[in-house]
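> Would you mind keeping the following structure in view while I ask a few things?
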Amino acid sequence: MAEKQTYPVPADFVRNAHIDRATYQAMYRRSLENPEDFWAEQADRFLDWRRRWDRVMDWDFNEPRIRWFEGGELNVSENCIDRHLTQRGDKTAILWEGDDPAESRRLSYRELHEAVCRLANGLRQRGVRRGDRVCIYMPMVPEAAVAMLACTRIGAIHSVVFGGFSPHALRDRILDADCKLVITADEGIRGGKTVPLKANTDKALRECPGVETVVVYQRTGADIHWENDRDVRYADLIADTDRECEPEAMGAEDPLFILYTSGSTGKPKGVLHTTGGYLLHAAMTHHYVFDYHEDDIYWCTADVGWVTGHSYIVYGPLANGATTLMFEGVPNYPDASRHWQIVDRHRVTIYYTAPTAIRALMRAGDDPVRQCSRSSLRLLGTVGEPINPEAWSWYHRVVGDGRCPVVDTWWQTETGGIMIAPLPGATDLKPGSATLPFFGVQPALMDADGRELEGEASGNLVIKSSWPGQMRTVYGDHQRFAETYFSAYKGCYFSGDGARRDADGYYWITGRVDDVLNISGHRLGTAEIESALVLHPDVAEAAVVGFPHDMKGQGIYAYVTLMAGRETSESLKEALIQLVREEISPIASPDVIQWAPGLPKTRSGKIMRRILRKIAADELDSLGDTSTLADPSVVDDLIENRIRPE
Ligand code: WT7
């Protein structure tokens, strides 16, 4: 069985690796026993500081209060660009591959420096100051990274919104963070199709009076609506600006960015990351987990709209002076070989992607992979959801020709960077396991009564002590931060995931234990989808659950109760799907809508989702006790009319 198999560290990998097994064990022990010294050394090694910190760490999960390197000063763009200029001025910082295989660009560190300085000056001209919020709603072009870095240069806080989100979702995020400026593009291009980013922005801004300026990068040259006193072309904004821009000296605990992510209740929350600790965690994990070396060509296939793009396309790699590949397109355009063609064309050595992409590529068969040599690859990574052992083994055997270690990296938007993952020169691999904790990370498993489980066990995954990349608060709602992450298990950060620990101490993440869905590695809250569905005048109530889906990991199953007297119809289903797309994004579209005359509720009115999940998964023999329901008969109707997703 694949799951039982262990893949030892290849001997030739160990020889050049930064960390071997003994070093990992020694460093890990020290990171827990003597965290102050450990982190001070790492902060000195990985980052350049304008002013040294007064105190390495100061945290208390009961409050919660989390501070790292207080008193220290640094600038993120200076760490990601300026300090590399003497040694690596002509080295490619961003290697861009367009959606169209004929399009490619390279930005050297020197060119990146000029681009970032010019835009930073342009933003200042438009009145952006330290601490102001800037929304970035961009396609995957180098200017998206330039925009992020330009914000950090002047101490503005960026909030990147994934280009796949709808105008309503964009509006909500702009309002919540009170952004005064938006950076977008006329259109994006993915898989040969255009995405109307400027038109979406125009719609969103009808309800965002605080936005004074919209900077529009020209990607396709499409005809777009223009507001003279609000909109400015990216090229015009930077045309007459200075090529130098003095970086702001930021406090280590000054906010760096906000990134919205879905929770089990309510609207998405603004995860706030700060400057020093976040950058250290991103840089350090990029170095150790990917065993990064100076001449690597490193490619993370994520979008900058997600945290993976923040930490492992932009901040981690650039802090380390790497060449980071940025791809505008999708894996199957023009054909299923695209990723491997890119690997060969640019001699990619490290490739980091999501299990959902691996499963999709696996379904296209081995031929599209074998058509390309992939001889440059030396390390593979995955992130975003549990990877099934079959997909892991295919990835290892076919994509990596059995030669490349696979690092399965568990982390979250909230954690800022990788938390549990193998170090490729130190850790034997087991397909489907994220293996062992990174330096300074103290995972534990809890039972339902809040007791810590020892040894081999399954339970809820918590982290017992702070780490530098940890989120500091929910933007504008510290109470929600406290309740969401620190109230379930006293003195611990609760991840929302379940996990198993095996006899070797390896962690196997089993997935969310709360009402958060993971659809193709995209995180969505059931509550947000329900809120969108009930906006329809015909809908009285909706309950959304996930169900196992071969390709997407999870699919979306919606139970919908109509208002009395309303008729069910296919066109109403279509209208509901359209509503969700408009309110959130096409990625949130329900795969299945079942009409539910009633929902299973307890006598106090709480929907029993456990039952709905079982029906959606067609696991009828394990429905559990339904006798405590207010009306047990609703279950029979739901079972009878359940829909088997194809
Ligand atoms: C959730 C976080 C981390 C960046 C991308 C997702 C799931 C993430 C793994 C993994 C099993 C994983 C968890 C987690 N997840 N990585 N290697 N194995 N599950 O970030 O959108 O904040 O989602 O993704 O359920 O809680 P995110």
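The values are calculated or read from the model by the stated rules, or taken from the named source; none is laboratory data. Only a predicted model underlies this, so the values are computations on that prediction, with no experimental measurement involved. So basically every Cβ, Gly included, is an ideal-geometry build from the backbone, and we count neighbours across all protein chains shown.
> Look through Q87, Q42 and report the one residue that is touching a residue at least 24 places away in the same chain (Cβ under 8 Å), under 28 Å from G505 (Cα atoms) and polar (S, T, N, Q). I'd like the intermediate steps shown before the answer.
Values: Q87 fails: under 28 Å from G505 (Cα atoms).
Answer to the check: Q42.
> G469: within 16 Å of the ligand (Cβ to nearest atom) and either of a type in the set (F, W, Y) or surrounded by 20 or more Cβ atoms within 10 Å (Cβ to Cβ) (or both), yes or no?
Answer is yes for this residue.
> Something else now. Evaluate the following for G263: is it in contact with a helix residue (DSSP H, G or I) (Cβ under 7 Å, 6 or more places away or on another chain), crowded, with 21+ Cβ neighbours inside 10 Å, assigned to a loop (DSSP other than H, G, I, E, B) and in contact (Cβ under 8 Å) with a residue 60 or more places away in the chain?
Taking the combined requirement at face value, the residue satisfies it.
> Something else now. Return the residue satisfying two criteria in turn: it lies in the stretch 285-325 and is of a type in the set (A, V, I, L, M) and within 16 Å of the ligand (Cβ to nearest atom), and of such residues it is nearest to V146 (Cα to Cα).
The qualifying residue nearest to V146 (Cα to Cα) is V314.
> For the stretch 403-425, how many residues meet the condition of being among the aliphatic types (A, V, I, L, M), touching a helix residue (DSSP H, G or I) at 6+ places or on another chain (Cβ under 6 Å) and surrounded by 24 or more Cβ atoms within 10 Å (Cβ to Cβ)?
4
> List pairs: first residue in the stretch 399-425 and in contact (Cβ under 8 Å) with a residue 12 or more places away in the chain, second residue away from the ligand (no atom under 11 Å from the Cβ) and of a type in the set (D, E, K, R) anywhere in the structure, Cβ distance under 7 angstrom, at least six positions apart or on different chains.
Short answer, once both residue conditions are applied: V399/R374; D401/R374; C404/R378; P424/D291; G425/D20; G425/D291.
> While we're on this one: Out of Y288, Y217, Y260, which single residue is over 20 Å from G163 (Cα atoms) and aromatic (F, W, Y)?
On the way: Y217 fails: over 20 Å from G163 (Cα atoms); Y260 fails: over 20 Å from G163 (Cα atoms).
After ruling out the rest, the residue left standing is Y288.
> Ok, one more. Being outside any helix (DSSP H, G or I) and closer than 14 Å to L533 by Cα is the filter here, so list the residues in the stretch 569-590 that pass it.
I584, S585, S589, P590
> Which of the residues spanning the stretch 225-240 are touching a Lys or Arg at 6+ places or on another chain (Cβ under 8 Å) and either free of Cβ contacts under 8 Å to residues at least 12 places away in the same chain or in a loop (DSSP other than H, G, I, E, B) (or both)?
Residue satisfying the conditions is H225 alone.
> For the stretch 267-288, name all the residues that are at pLDDT 95 or above and of a type in the set (K, R).
Hit for the stretch 267-288 is K269, nothing else.
> Quickly run through the stretch 153-185 and pick out the residues that are among the basic types (K, R) and assigned to a helix (DSSP H, G or I).
Across the stretch 153-185, the qualifying residues are R153, R171, R173.
> Out of T285, T241, T261, I need the residue that is out of contact with any Phe, Trp or Tyr (no Cβ under 8 Å at 6 or more places or on another chain), among the polar types (S, T, N, Q) and closer than 29 Å to W53 by Cβ. Which one?
Step by step, each of T285, T241, T261 is checked, and only T261 is out of contact with any Phe, Trp or Tyr (no Cβ under 8 Å at 6 or more places or on another chain), among the polar types (S, T, N, Q) and closer than 29 Å to W53 by Cβ.
> Oh, and also: S458 passes all but one of (1) surrounded by 19 or more Cβ atoms within 10 Å (Cβ to Cβ); (2) touching a residue at least 40 places away in the same chain (Cβ under 8 Å); (3) within 15 Å of the ligand (Cβ to nearest atom); which number fails?
Unmet condition: (1).
> Among the residues of the stretch 486-500 satisfying the criterion of being among the small types (G, A, S) and surrounded by fewer than 19 Cβ atoms within 10 Å (Cβ to Cβ), which is farthest from the ligand (Cβ to nearest atom)?
G491
> Could you tell me whether R153 is more than 22 Å from the chain's Cα centre (by Cα) and either among the basic types (K, R) or within 19 Å of L256 (Cα to Cα) (or both)?
yes
> When you scan the stretch 230-280, how many residues do you find that are within 26 Å of W467 (Cα to Cα) and aliphatic (A, V, I, L, M)?
10
> Continuing with this model, one more query. Answer yes if at least one residue in the stretch 225-237 is closer than 22 Å to V474 by Cβ and of a type outside the set (S, T, N, Q), and no otherwise.
Scanning the stretch 225-237 turns up no residue that is closer than 22 Å to V474 by Cβ and of a type outside the set (S, T, N, Q).
> Just the residues that are touching a strand residue (DSSP E or B) at 6+ places or on another chain (Cβ under 8 Å) and either free of Cβ contacts under 8 Å to residues at least 60 places away in the same chain or away from the ligand (no atom under 16 Å from the Cβ) (or both), please, taken from the stretch 528-546. Can you show your working first?
Narrowing the stretch 528-546 to residues touching a strand residue (DSSP E or B) at 6+ places or on another chain (Cβ under 8 Å): 529-530, 533-534, 538-546.
Across the stretch 528-546, the qualifying residues are E530, L533, V534, D538, V539, A540, E541, A542, A543, V544.
> Got a sec? Which of T626, T602 is in contact (Cβ under 8 Å) with a residue 24 or more places away in the chain and loosely packed, with under 12 Cβ neighbours inside 10 Å?
T602
> Condition check: surrounded by fewer than 24 Cβ atoms within 10 Å (Cβ to Cβ), outside any strand (DSSP E or B) and under 15 Å from the mean Cα position of the chain (by Cα). Does G305 satisfy that?
The answer is yes for G305.
> Of all residues in the stretch 189-224 being among the polar types (S, T, N, Q) and part of a loop (DSSP other than H, G, I, E, B), which is nearest to H113 (Cα to Cα)?
Pass one, the stretch 189-224, residues among the polar types (S, T, N, Q): 194, 200-201, 213, 218, 220.
After this cut, where a residue has to be part of a loop (DSSP other than H, G, I, E, B) as well, the list is 218, 220.
Working: Q218: 20, T220: 25 Å.
Once the filter is applied, the top-ranked residue is Q218.
> Now for a separate question. Would you pick out the residues in the stretch 403-429 that are away from the ligand (no atom under 16 Å from the Cβ) and not acidic (D, E)?
R403, C404, G425, A426
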